Every structure is written in structure tokens, then in C-alpha cells.
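First comes the structure, then the notes that go with it.
The values are calculated or read from the model by the stated rules, or taken from the named source; none is laboratory data. All values derive from a computational prediction rather than experimental measurement. Note: ideal-geometry Cβ built from the backbone for every residue, glycine included; neighbour counts use all protein chains shown. What goes into the accessible areas is simple: the full protein's heavy atoms, side chains included, and nothing from ligands, DNA or RNA. Shrake-Rupley method; radii C 1.70, N 1.55, O 1.52, S 1.80 Å.
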Amino acid sequence: MWLYLLKRIVLAITIVVIAVTLVFLMIHAVPGDPAAALLGPRATPEMKAQLHQQMGLDKPFIVQIATFFGGLLHGNLGFDVFSQRPVADIVFEQLPYTIELVLASILWSVVVAVPLGCYSAMTRNAVIDQVVGIVAVATIAIPSFVMAVYALLIFAIVLGWLPAIGAGEGLSDSLVHLILPAFAIGIGWVGYISRLVRASMLEILSENHLRMARSFGISEWRIVTRYALPLAILPTVTILGVGIAWLLSSAVFIEMVFARPGIGALVVNAVNTRNYPVVMGVVLVTTFLTVVATTVSDLIAAALDPRTRENL
């Protein structure tokens, strides 16, 4: 287990280095001058040159990225070019809003999708199974930002049941403001996870040891929940760990639609203004979260199925 964790730490560091390097390359390939965006159209060449020097943009690319990683080793993500505040403070001010949105989306989608997938497997080829399958495919096919727009239009504007924008103040108000964004992100995962659980459940229910359990008179529901589900849920656990990156990218669009605070609006504004340090800070944090999520999902899978521990 310790060797596995060591390998994952080395892999995480490698992924972060590659991701940050690629984003560095992409940002420098984007047309536009950050000094011009910061100083405005009346900036003189001398003012732009001075700002380039302050931001380190007059140095070669290798020197710039080496400087960034050197600061990272000391816990320094750089400073915002506009406010001169530490990037770490800015990112971690917005990050909790995005994390609570992602966690709420995962929670409600899993709570709904897992029982739905189990029930579909138990009623294979029945009318309810076919209806669930059609609805699941439909929800998977609809992009989250399209679902967000329609949810906003129907439930917030037409019906007026839920708030349209913002994150709310206080626990109860924040939970109410989470409903529509979490619904928009999680609805596609309900369909995807329910289909995944159904397929895994059908495969496992046909195994010999579960047939033996039926011969002993054990109820079908107990067989499903006690013996089949811990194994059928393994692909879902793995997919959720990998899907954190997809959920974070979906949160970017959803936060823009619902005007929520979070790293979505932060990174969009940073890209538009060529605020390199903030973009790098967001990429670094989200990459780290993705690596942690995949590692945790692997450990949970190992706890649910001892057979997988041989691969650790």
C-alpha cells in the first residue's frame, strides 16, 4: 500500500508539471499583450516594457516556467497583476464555492442513480427498465450548460420556485441556491451512472455464487444490496474519481450561467485579461484536486473489492 501511495505521489507531481507546462504554452500562444490589457490603450511602449519586466515576460519561456516552479516549491503561486494580492489567497477564496457545487452534484446524482440502476437490473427488459434507459440516454446527450439554461428559465423565471443567481448567504440560503446548479451538472451523471450500475449489476447477478445464494432462499433484494452492489459499484467509483476533472470543467460554465462565485468566473476573467499568475494558480489547484480524487477512488475500490488490492 505504501509503495502504491508513493507511486501515486510521483505520478501526481508528473501530471502537475505537464499540465502547468502545457497551459503555459497555450497562454503564450493566445494573441494579445497582457501589458496592453492591464494598462489600457493609452499605454506607451516604455510603460509596456516596464510592466513586461515586472511580470517577467521579457525573459525566455524556460526561465519563466522555472521561476514559477521555483516559487511553487516555497508555497508561492505568484501575485495577481491587477491587485498584487497573492494568487493563493484569491484562488482559495473562490475554491470552496466550486467544491460545494461539485460535491452536491455528485451526491444527489449517486443517491438517485445507484438505486435506479439496481432496480433496472432487477426488472430487466420490463417497461420501467426501457423508460429509464430512454430517459438516461436523453439526459446524457444534453450538455450541462443547456440544461442549466432551461432549468434557469423554467424553475427560476417562469415558476419562480428557486433563486436564479448568486450563492446565497447562510447555510439554508446557500443550499437553496445550490439546487439548480447542482441539478444542471448532476442530471447527466444520473443517466450515466444508472446505465453503468445496471450493466455491472446484470453481469454480476449471473455469477455462480449468486445463483447459489438464490438456491438457499435468500431474497433477491438482499442478494442485490448485500452481495452484488459492492462489486457492481466499483466501475462507478472509478469513473467518479476520473470524472472530477469533467465536473470541474462543467462547473466553469454553470457558474457563469448562474452568476455564482467560484474558480469558473475567476479563470475566465483571468484568461480574458491575460492574468497569467491567476490562470496558473487555478490550473495547479484543479489538477491537484483531480489527482487526489482519482487516488481516493482507487483506495475506495480496493476497500470494496479485496481482489483489487493485488494491483496496488
statement: Which residues qualify? For residue 79, with a placed amide H closer than 5 Å and at least 5 residues away or on another chain, they are 87
Extension gain (nm, one decimal) between residue 174 and residue 199, 0.36 nm per residue minus Cα-Cα: 5.4 nm
- prompt: Would you list 100, 169, 46 from the most to the least accessible area, probe 1.4 Å?
  reply: 169, 46, 100
field: Extension reserve of the residue 76-residue 221 stretch, reckoned as 0.36 nm per residue once the Cα distance is removed
entry: 46.8 nm
- prompt: Using the per-residue mean of other Cβ atoms lying within 10 Å as a proxy for protection, in what order, highest first, do the peptides 88-99, 264-275 fall?
  reply: 264-275, 88-99
statement: Largest-first ranking of 116, 248 by accessible area, probe 1.4 Å, whole protein assembly kept, is 116, 248
query: Working out 0.36 nm times the residue gap between residue 123 and residue 53, then minus their Cα-Cα distance, what length gain in nm do you get to one decimal?
result: 18.4 nm
- prompt: For residue 6 and residue 256, FRET efficiency with R0 = 30 Å and r from the beta-carbon atoms, rounded to 0.05?
  reply: 0.15
query: Cα-Cα pairs above 15 Å in region 181-256: how many percent?
result: 62
- prompt: In terms of the ratio Rg/(2.2 N^0.38 Å) built on C-alpha atoms, what value belongs to the chain?
  reply: 1.22
field: In Å, descending, principal axis extents of the Cα set of region 116-220
entry: 55, 29, 19
task: Provide the per-residue ³J(HN,Hα) series for region 224-236, in order, calculated from phi with Karplus coefficients 6.51, -1.76, 1.60 and θ = phi - 60°, each as a whole number of Hz, with x at glycine and proline positions.
output: 5, 7, 8, 10, 8, 4, x, 8, 5, 7, 4, x, 5
task: Let me know the whole percent of all Cα-Cα pairs from region 125-174 that are separated by more than 15 Å.
output: 64
- prompt: What is the chain's relative contact order, in percent, from Cα pairs under 8 angstrom and six or more apart in sequence?
  reply: 26
query: So how tilted is helix 61-73 from the main axis of the chain? Cα-based, degrees 0 to 90, rounded to 10.
result: 60
field: Cα-based equivalent ellipsoid of region 170-312: semi-axis lengths in Å, sorted from largest, via gyration tensor
entry: 39, 19, 11
- request: Can you figure out the FRET efficiency of residue 64 with residue 165, using R₀ = 35 Å and their beta-carbon distance, to the nearest 0.05?
  value: 0.40
task: Over the alpha-carbon set of region 64-193, work out the extent along each principal axis and list the three values in angstrom, largest first.
output: 61, 36, 25
